[in-house]
Each structure stands twice: as structure tokens, then as C-alpha cells.
Amino acid sequence: MKYVKCGGEVFEFKLTPFKTHCRYCKQKEAEIKPSGTSLLLCKECFLLFCEKKVKMAIEKHKMFGEKEKVGVMVSGGKDSAALLAILKKLYPQQEILAIHLNLGIKYYSDFAQVAVEKLCQKLKVPLIVYNLKEKEGFSIDDFVFTHFKNKICSVCGTIKRYYFSRIARENKIDVICTAHHLDDVLSTMTSVFFQGDFLGLSRLGPVIYPLFQGQPKKVKPLYYLQERDVFYYSAISGLPIEKCACPHSEITPVKEWKKWIEEKDKESPSFKFKLFSIFRKKLIPLIKKELKKVPKEDFLPCKICQEPTPSKSNICAKCRRVKLLERVKERKIEYEPDEFLNFLSSSPQNEIVIFDVREKEDFESGSLPGAIWINPELLNEKEKIFIKTFKPYKKKKLFFLCYTGRTSYYFVLRLRKFGFLAFNLSKPKELLSKIKWKLKKALV
Ligand code: FES
Ligand code: ZN
């Protein structure tokens with residue numbers, strides 16, 4: 001099984017028979033070595049190992065009590081799937097509710113929602129789905145039309161935090177569990193440290209207490225588990241997950257740090273733990289002590305949505321971003337077949353370039369007139385190479401065609417980040433057959 005992480009990295013699920021017995025049960029063959037340990041475990045005992053680590057985090061940091069209502073943020077990915085499964089297994093009597101935000105990201109969000117629905121059905125956990133486009137009239141994709149076009153992940157983070165917190169409050173949830181694991185926490189800590197944001201660093205603990213009345217407590221039960229182990233947990237347990245990465249996935253500073261930490265850890269295997277312990281045991285307690293002298297932020301209701309905000313302008317971060325969309329006159333990024341054919345016949349040909357990102361044989365056996373073939377692998381290339389390919393067409397309208405609309409959409413989104421006027425062609429099969437028919441008619 002392959003899983004594409006946000007940022008394009010691929011995780012592969014591969015078990016290695018170690019030709020020795022499992023260190024825990026001493027019966028089955030060992031197939032997995034949990035990250036940062038010398039243990040060799042069988043699949044079943046590996047699951048127990050992960051569950052133990054989660055239980056330890058919950059108990060050590062008193063994340064929730066048995067009477068508290070627990071909300072789990074589920075995205076459709078491996079981390080939140082593993083988190084929900086572990087919590088349900090460890091605390092079968094606990095009142096647990098899953099919350100999913102459908103972000104309206106085309107060719108992605110609906111697949112993620114299906115995975116979440118299957119997961120909750122399998123685990124028998126009640127689920128709340130909040131559809132951003134239906135309920136609020138905008139989607140995360142819409143931000144490609146704003147100056148946040150190359151910071152979509154950051155806008156998405158703000159929007160997610162806002163709605164999760166509001167939905168949790170509306171559903172009387174006491175504690176929100178997020179699926180941040182050790183690698184997430186460590187890379188964020190390093191990134192925040194190098195930005196000099198010590199207040200932010202002090203808030204990266206396993207528990208974040210409410211900043212204002214009515215705000216739920218936020219906890220990270222996967223705090224002591226590494227990402228690879230979380231992925232293996234969900235793969236071994238056969239949890240339904242969406243295996244493709246979000247099309248907006250960007251190489252953010254946090255992801256760069258994650259890669260760097262990963263490389264360092266390969267060179268010296270206890271690097272991650274050493275760094276983690278310096279932050280947690282040395283630096284953060286020191287900062288917290290200093291911060292006691294700093295006056296606490298005041299939270300006042302946002303002028304637009306009434307949610308409490310520390311912002312001096314009295315408009316919360318979510319509303320400030322959503323307001324930008326009001327200025328966008330047209331949010332067009334995709335053409336339906338007929339719409340495109342009309343457009344094609346009414347526009348000067350030299351203003352348009354069509355790119356076919358299917359396999360070469362398929363392109364050669366029939367494409368749109370004048371289309372240029374682009375290797376779909378280009379999508380995984382570094383920014384410089386990617387942009388260089390399209391630079392000669394910067395002033396034109398670029399259209400992309402693939403098999404389902406998904407790969408071409410990913411091309412379009414990536415180009416939009418760099419200011420290209422790129423559009424996706426939806427229902428490509430229908431479009432291709434309409435073009436064929438048109439050409440035939442013209443020949444007759
Ligand atoms: Fe938020 Fe991809 S899931 S930008
Ligand atoms: Zn607001």
C-alpha cells in the first residue's frame with residue numbers, strides 16, 4: 001500500500017520478516033521494528049505497542065476524564081484514522097464523536113469524506129460532517145483567487161481551527177483530540193523556534209487549555225508516536241483512508257524542517273528524541289516561566305461572526321480571510337465540455353494553449369487539436385523545473401486535460417500559485433468524444 005503525504009512524499013507499507021520471534025509475545029514472527037526502538041515485533045504486538053503509547057500520553061497529561069465528551073477531528077488521512085481507532089479501542093465506554101470538515105477541494109474532499117464515513121461506520125462512531133461550500137458558500141479552492149494563493153495550507157489551517165472549535169462548542173464537546181504525532185510536533189517546534197515565536201512554542205504541548213470561556217480543551221494523544229508508526233497502525237488495521245494527498249499540499253517551512261529532522265535522525269538515530277526532549281524539558285518550561293510576566297491576551301467577540309478573538313481589529317482571522325473572497329468577481333477554474341467548445345470557437349487561437357497530461361500513447365492516439373503533451377510526472381518535480389516548463393506560456397490561457405480531471409486539476413492549482421491563468425477541463429472523456437465527432441462532421 002502506498003500513501004502520498006502532503007508535500008508529495010510517499011510512504012510505502014512493507015513488512016520485513018526478521019526471522020526471529022516477536023519480543024512481546026515470543027510466538028509469532030517479528031515483522032516490524034517500531035521507530036526509535038530496537039524492538040522487533042509481530043503485527044499484533046506492534047498495534048499494542050502503539051496503543052500503549054497513546055494510553056500513556058492520555059494518562060500522563062490527564063487529557064480527558066471518563067465523563068467528558070470527546071471530539072475527534074477526522075480528515076480522511078492515516079493519522080486521524082489511527083487516532084480514532086485507538087481511542088475507540090482503549091476507551092469503548094467513552095462518549096466519542098468524530099467531526100469532519102468537507103473543505104470543498106475538488107477531486108479530493110469528497111473522496112476524503114467517503115473514507116471518513118467508511119471509517120466511522122467500521123468503528124461505530126457517530127460522525128458530524130460540516131460542508132464548507134454548502135454551509136458557508138466558499139471552499140478552500142477559492143483562495144487561489146486571493147493573495148493567499150501560495151499559502152493555501154496556512155489559510156486552510158486557520159479555517160479548520162475556527163470551525164472545529166465552533167462545532168465542538170455547539171455540540172457541547174469538552175475535549176478536542178487532534179492527530180498531531182511526534183514528527184508534526186517536533187517539526188512545528190523547530191519551525192516556530194527559528195521564527196523566534198516563543199509564545200507559539202510554549203503552546204505546543206500535548207494539552208492546550210482553553211484561552212476563553214466555552215473553548216474546548218485541545219489534546220494530542222499521538223504525541224509520543226512517530227509518523228511512520230501511525231501509518232503502519234492504520235495500514236495493519238485495514239482502516240479506510242484516502243491515500244492521495246491534498247492537491248494544495250505545499251512544501252511549507254514545517255515540512256522542510258520535518259525532512260531535515262528525518263535526515264538527521266537517519267545519521268544519528270536518537271536525534272529526534274534528543275531534540276524533542278530539549279524542547280519539552282528544557283526550553284518550554286523556561287519560556288513558560290518568563291511568559292508568566294506577560295499580560296494575558298483579551299478575547300472580544302469578532303465584529304462579523306461573534307466568535308471570541310484576540311485580534312486588535314476585532315475581526316477574527318477566519319473572517320479576515322473570508323472577506324477577501326468578497327472582492328473576487330469570478331471564481332472560475334474549470335470548464336465543462338460544451339462550455340469549453342463554445343469558448344474555443346469564440347476565442348483567438350493564439351491566446352490559448354492546451355496541455356494533455358495523460359500517458360504519451362493515449363495522447364498520440366487522439367487528443368484535442370493543437371494540444372501539447374506534458375509528462376504527468378512533471379507534477380512531482382521541484383518548483384523550478386515545473387515553472388520553467390510553462391514559463392513561455394505565462395501570458396496565455398492554459399487548459400489541462402487528463403483522464404478523470406484530477407491530475408489536470410492538480411496541475412492547474414500548482415500553476416495558479418505562481419500567477420498563471422490555468423484552467424481545468426472537466427469530464428475529459430465526454431470532451432474528447434465531442435471533439436472527435438465535430439472533426440468528423442467537419443471532414444464530411
Ligand atoms: Fe488544507 Fe490541503 S487539506 S490545504
Ligand atoms: Zn469572525
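So how tilted is helix 78-90 from the main axis of the chain? Cα-based, degrees 0 to 90, rounded to 10. Roughly 40 degrees between the two axes. The sum of -39500 (n - 2.57) across all DSSP H runs of n ≥ 4, divided by the residue count of the chain, sets its helix-only mean residue ellipticity at 222 nm to -13000 deg cm²/dmol. Fully extending the segment from E290 to K434, taken as 0.36 nm per residue of separation minus the present Cα-Cα distance, adds 45.0 nm. Size of the chain from its Cα atoms: along the principal axes, largest to smallest, the extents are 77, 63, 42 Å.
Rounded, prolate or oblate, given the Cα gyration tensor of region 283-350, with a/c below 1.5 counting as rounded? The shape class here is prolate.
Report the one residue of L432, L344, L368 whose Cα lies farthest in the direction of the positive end of the charge dipole of region 332-444 (charges on C-beta: Lys and Arg +1, Asp and Glu -1; origin at the Cα centre). Positive-end residue among those listed: L344. Rg over Rh for region 1-133 works out to 1.02, using Cα positions for both radii and the Kirkwood form for Rh. Within the listed set K149, K60, K292, the residue fluctuating most in the Gaussian network model of the chain (springs between alpha-carbon atoms under 10 angstrom) is K292. From most to least packed by mean Cβ count within 10 Å, the peptides 381-394, 102-115, 401-414, 219-232 give 219-232, 401-414, 102-115, 381-394. To the nearest ten degrees, helix 152-170 and the longest principal axis of the Cα atoms of the chain are 60 degrees apart.
Please compute, over every Cα-Cα pair in region 334-443, the percentage with a separation greater than 18 angstrom. Result: 46 percent of Cα pairs exceed 18 Å. Note on the chain: antiparallel DSSP beta bridges, both residues inside, total approximately 25 percent of the bridges counted.
Stokes-Einstein at 25 °C, 0.890 mPa s, Kirkwood radius from Cα pairs: D for region 50-291 in µm² s⁻¹? Here the translational diffusion coefficient equals 131 µm²/s. Across region 231-241, coupling constants 3J(HN,Hα) worked out from phi with the 6.51/-1.76/1.60 Karplus curve, θ = phi - 60°, read 5, 4, 4, 5, 5, 5, 7, x, 7, x, 9 Hz, and Gly and Pro carry x. Highest-first packing order for the peptide set 345-354, 164-173 is 164-173, 345-354, based on the mean count of other beta carbon atoms within 10 Å. Helix 182-194 versus the longest principal axis of the chain: what is the Cα-based angle in degrees, 0 to 90, to the nearest 10? Value to nearest ten degrees: 80.
Since every read-out is calculated from the coordinates, none of them should be taken as a lab result. Values in this document were obtained by computation on a predicted structure and should not be read as measured data. Glycine also receives a Cβ, built like all others from the backbone with ideal geometry; neighbour counts cover every protein chain displayed.
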